[in-house]
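Derivation of every value follows stated rules applied to the coordinates shown; laboratory data play no part. From a predicted model like this one, the values you see are computed outputs, not experimental measurements. No Cβ is skipped: glycine too gets one built from the backbone with ideal geometry, and neighbour counts run over all protein chains shown.
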Amino acid sequence: MSTKHTSTVIVTGGAGYIGSHTIIELLEQTNYNIVSIDNFSNSNQDTFDRIEAITGKKVLNLNVDICNLEALELAISKVKNPIGIIHFAAFKSVPQSVHDPLLYYHNNLGSLINILKICQQLQIANFIFSSSCSVYGNVEKLPVTENTPFQKAESPYANTKQMGEEIVANYTKSETNFKSVLLRYFNPVGAHPTGLNGEYPRSRPDNLVPYITQTAAGILQKLTVFGGDYDTRDGSCIRDYIHVSDIADAHVKALNYLIENKQKEATSIFNLGTGNGVSVLEAIKSFEKVSEQKLNYEVGPRRAGDVINIYANNDLVKKELNWNPKYDLDAMMLSAWKWQLNLGK
Ligand code: NAD
Ligand code: WQD
């Protein structure tokens with residue numbers, strides 16, 4: 001990896017949780033020049049110090065709102081030889097999207113349309129879009145394959161992902177020299193194995209793993225397990241938790257797949273999950289084991305709108321991208337805990 005590539009990969013949302021881990025993998029596994037575009041609406045500049053601490057490399061970030069086409073065009077005009085775009089930038093809180101749907105349609109779809117306009121203007125041929133298992137809605141048959149039909153989106157957020165996928169697929173069809181990959185993440189969790197980079201902490205997280213680590217750190221008092229009477233092996237809900245560095249690694253593989261023209265279809269779609277369903281109580285048990293402490297939790301009422309059980313069939317991504325998740329549940333929990341300890345209590 002001695003000579004630096006002359007081509008640039010643009011990562012939108014590069015200061016965010018998954019974008020920053022993907023930048024780390026790109027810096028470690030490829031020679032591409034990396035440029036991030038992030039307006040820090042849900043992150044901050046410190047991410048780039050953390051990336052540098054892990055990789056020893058500085059990354060340029062263009063601080064623009066991707067919904068502002070003029071500002072975006074101006075910023076990107078300075079990027080040399082853009083070869084591909086990985087588009088993470090979006091808002092991602094399900095409850096916030098229910099409360100303020102217009103914010104979500106504007107930001108998630110507006111930014112996507114603008115970034116595709118940039119691809120068109122600059123003839124950038126390789127595009128990766130962050131999608132989500134939430135596109136499937138409440139499915140009847142498990143595990144979920146890429147061909148499992150979508151049910152109605154359960155939230156405006158999920159709807160932006162269903163619509164976003166269609167926008168990318170429609171645009172791909174209309175351009176002969178454009179190829180895309182849609183990656184449907186299941187439940188990304190954990191932090192870089194060094195514990196030096198992880199999810200930017202919000203005061204009160206909605207998601208399970210930051211809720212666990214903040215409870216263990218004494219920031220939150222008690223974790224409530226949302227429902228203990230579901231028809232599952234221990235009564236709690238089941239999800240497919242996947243380590244963020246495995247998700248990041250899949251992006252590097254997807255990018256190479258596109259650049260090396262290995263794709264079978266103009267738009268390829270892959271589930272990113274481990275294929276293992278894990279219950280909330282099993283996740284807590286794993287956390288207690290690796291952190292060597294008891295977690296203060298109680299089984300409480302169900303959370304409205306929760307899917308009972310969902311996990312991925314990941315055969316296609318394993319075969320096509322030669323991707324294999326490396327981290328098991330204990331490693332996910334340990335890295336999340338290391339990151340929490342690094343943040344302080
Ligand atoms: P994140 O909020 O940590 O990162 C998103 C980044 O995009 C943030 O740094 C934010 O500042 C930036 N951003 C948002 N809107 C922008 C705009 N208009 N202009 C410039 N920058 C903007 O979220 P994440 O967890 O890293 O998620 C990344 C992507 O993956 C999102 O598209 C999300 O919907 C998708 N996804 C996330 C999960 C998850 O559980 N984390 C699951 C499935 C899919
Ligand atoms: C996981 C499990 C909860 C908190 C969301 C989005 C989805 C995707 C990933 C972006 C559930 C239980 C949680 C708590 C609990 N994001 N839980 N106590 O709901 O699977 O998915 O994030 O695309 O679109 O909907 O993730 O982490 O909120 O919940 O018992 O305090 O943990 O009931 O079973 P979810 P989550």
Taking springs between alpha-carbon atoms closer than 10 angstrom, which of Lys78, Lys253, Lys179 fluctuates most in the Gaussian network model of the chain? Lys78
Name the shape class, rounded, prolate or oblate, that the alpha-carbon gyration tensor gives for the range 1-81, where a ≥ b ≥ c are the square roots of its eigenvalues, rounded holds for a/c under 1.5, and otherwise prolate holds if a/b is larger than b/c and oblate otherwise. oblate
Using the count of nearby Cβ atoms within 10 Å as a rough guide to exposure, how do Arg302, Arg50, Arg184 rank from fewest to most? Arg302, Arg50, Arg184
What is the order of Thr148, Thr6, Thr12, fewest Cβ neighbours within 10 Å to most? Thr6, Thr148, Thr12
Rank these for me by crowding, Met332, Met163, going from fewest to most other beta carbons within 10 Å. Met163, Met332
Taking only the C-alpha atoms, wrap a convex hull around the range 174-254 and report its volume per residue in Å³ as a whole number. 178 Å³
Any idea how far the Cα center of the range 287-309 sits from the one of the range 33-90, in Å? 35 Å
What whole number of Å gives the distance from the Cα centroid of the range 116-137 to the Cα centroid of the range 213-228? 36 Å
Over its Cα atoms, what ratio of radius of gyration to 2.2 N^0.38 Å does the range 244-345 give? 1.36
Mind counting lysine pairs for me in the range 272-345? Cα separation below 28 Å, and the two need to be 8 or more apart along the chain or on different chains. 12
For the range 125-200, what is the largest minus smallest coordinate of the Cα atoms on each principal axis, given in angstrom and ordered from greatest to least? 43, 35, 23
Kindly give Rg over Rh for the range 1-152, based on alpha-carbon atoms, with the Kirkwood expression for the hydrodynamic radius. 1.00
What are the ³J(HN,Hα) couplings of the range 261-278, residue after residue, when phi is run through the Karplus curve with 6.51, -1.76, 1.60 and θ = phi - 60°? Round to Hz, x for glycine and proline. 6, 8, 6, 8, 10, 4, 10, 9, 10, 9, 7, 10, x, 7, x, 9, x, 10
If you bin the C-alpha pair distances of the range 95-138 every 5 Å from 0, what whole percents do you get? 5, 17, 19, 23, 16, 11, 7, 2
Per residue of the range 308-320, in order, report the coupling 6.51 cos²θ - 1.76 cosθ + 1.60 (Karplus, θ = phi - 60°) as ³J(HN,Hα) in whole Hz, putting x for Gly and Pro. 6, 8, 8, 8, 8, 8, 10, 4, 5, 5, 5, 6, 6
Restricting to Cα atoms and excluding each atom paired with itself, what does the Kirkwood estimate give for the range 256-304 in Å? 15.1 Å
Springs between alpha-carbon pairs under 10 angstrom, Gaussian network model over the chain: which of Gln123, Gln293, Gln221 fluctuates most? Gln293
Residue separation times 0.36 nm, minus the C-alpha to C-alpha distance between Ser174 and Asn207: what's the value? 8.1 nm
Cα-centred dipole magnitude for the range 235-299, charges only on beta-carbon of K, R (+1) and D, E (-1), debye, nearest 20: 100 debye
Net length gained if the chain between Asn31 and Leu60 were fully extended (0.36 nm per residue, minus Cα distance): 8.9 nm
Give, rounded to the nearest 20 debye, the magnitude of the charge dipole that the range 161-219 has about its Cα centre when Lys and Arg contribute +1 at Cβ and Asp and Glu contribute -1 at Cβ. 20 debye
Read phi for every residue in the range 106-116 and hand back ³J(HN,Hα) as whole Hz from Karplus 6.51 cos²θ - 1.76 cosθ + 1.60, θ = phi - 60°, with x for Gly and Pro. 5, 6, 6, 8, x, 5, 5, 4, 5, 5, 6
Name the long-range amide H neighbours of Thr267: under 5 Å, sequence gap of 5 or more, or other chain; modelled H, no Pro or chain starts. Ser180
Pairs from Lys78/Lys117; Lys78/Lys179; Lys58/Lys179 whose Cα-Cα separation, in the structure shown, is over 18 Å: Lys78/Lys179; Lys58/Lys179
Using DSSP, restrict attention to beta bridges with both residues in the chain and report what percent are antiparallel, rounded to the nearest 5. 5 percent
Under the rule rounded for a/c under 1.5, else prolate if a/b exceeds b/c, else oblate, using alpha carbon gyration tensor axes a ≥ b ≥ c, the range 96-234 is classed as prolate
What residue among Lys92, Lys152, Lys319 shows peak mean-square fluctuation when the chain is described by a Gaussian network model with Cα springs under 10 Å? Lys319
If contacts are Cα pairs under 8 angstrom and at least 6 residues apart, what is the relative contact order of the range 246-329 in percent? 52 percent
In the calculated pair distance distribution of the range 215-265, what percentage of Cα-Cα distances lie above 14 Å? 73 percent
Solvent-free Debye scattering, log10 I(q)/I(0), computed from the Cα coordinates of the chain at q = 0.06, 0.08, 0.12, 0.15 Å⁻¹: -0.20, -0.36, -0.84, -1.37
Per 0.36 nm of contour for each residue apart, how much would the distance between Asn322 and Glu260 grow if the chain were fully extended, relative to their Cα-Cα spacing? 20.9 nm
Give, in whole angstrom and from largest to smallest, the semi-axes √(5λ) of the equivalent ellipsoid of the range 64-139, with λ running over the eigenvalues of the Cα gyration tensor. 26, 15, 8
